[in-house]
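Scroll down for the structure; my scribbles are underneath it.
The values are calculated or read from the model by the stated rules, or taken from the named source; none is laboratory data. Because the structure is predicted, anything quoted here is derived from the model rather than measured. Heads up, the Cβs are rebuilt from the backbone with ideal geometry, glycines too, and the neighbour counts pull from every protein chain shown. Accessible surface areas use protein heavy atoms only, side chains included; no ligands, DNA or RNA. Shrake-Rupley method; radii C 1.70, N 1.55, O 1.52, S 1.80 Å.
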Amino acid sequence: MQYFISFNRDTIGPMSADQVMAYPVNRNTQVCTVDDYTWKPLYNFPELMELINARDAAGRADAYNAGKDRIVAGVLAILIGGIGAQYIYLGKIGAFIITLILSLVSCGLWSLVMFVQGIYMLTLTPEQFDTKYTYSTSTYPLF
């Protein structure tokens, strides 16, 4: 069966059940199938629930454990955010290039924005951080 999921306000799919599990889904993630375009919480789909239960049984109950460390990203943004080091760490090369250009054009003043972003990163919960920065499809996740 093919599924669609609602993730970061985007509809992603169609994909198999295993592909759905590659995203940080939980029992309340909104899902629909190719056959029925009615959005329902994931717990209404037995095949997906089996995979979530298997993941939980394996000791990986936290769906966000595959993300990057928010402490490392936040400290990089605070210390050397003007050159976009946090974006290199997060694998967002486009954001790194944009940050580097903005820092050069603004004579380094963009570093202050990156300093604030570093503080913001440190105040997020791990789940919020992963949703905003790690799993985001945004080219340049700022705030």
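Quick notes on this structure:
- Taking all protein chains into account, the per residue accessible area for segment 17-143 stands at 54 Å² (1.4 Å probe).
- Set against the 2.2 N^0.38 Å expectation for a compact globular protein, the chain has a Cα radius of gyration ratio of 1.23.
- Nearest-ten-degree value, helix 93-105 long axis tilted from longest Cα axis of the chain: 20 degrees
- Between the Cα long axis of helix 46-57 and the first principal axis of the chain there is an angle of about 60°, rounded to the nearest 10.
- Backbone N within segment 19-36 under 11 Å of label point (7 Å from ARG55 Cα along the Cβ vector): 19-29
- For the chain, the carbon plus sulfur part of the accessible surface works out to 62%, probe radius 1.4 Å.
- What the phi angles of segment 125-138 give under the Karplus curve with 6.51, -1.76 and 1.60, with θ = phi - 60°, is a coupling list of 6, x, 5, 5, 4, 4, 5, 6, 10, 7, 9, 5, 8, 5 Hz, glycine and proline written as x.
- Per residue, the convex hull around the alpha carbon atoms of segment 88-136 comes to 66 Å³.
- Between 0 and 90°, nearest 10: helix 110-123 axis offset from the chain longest Cα axis: 40 degrees
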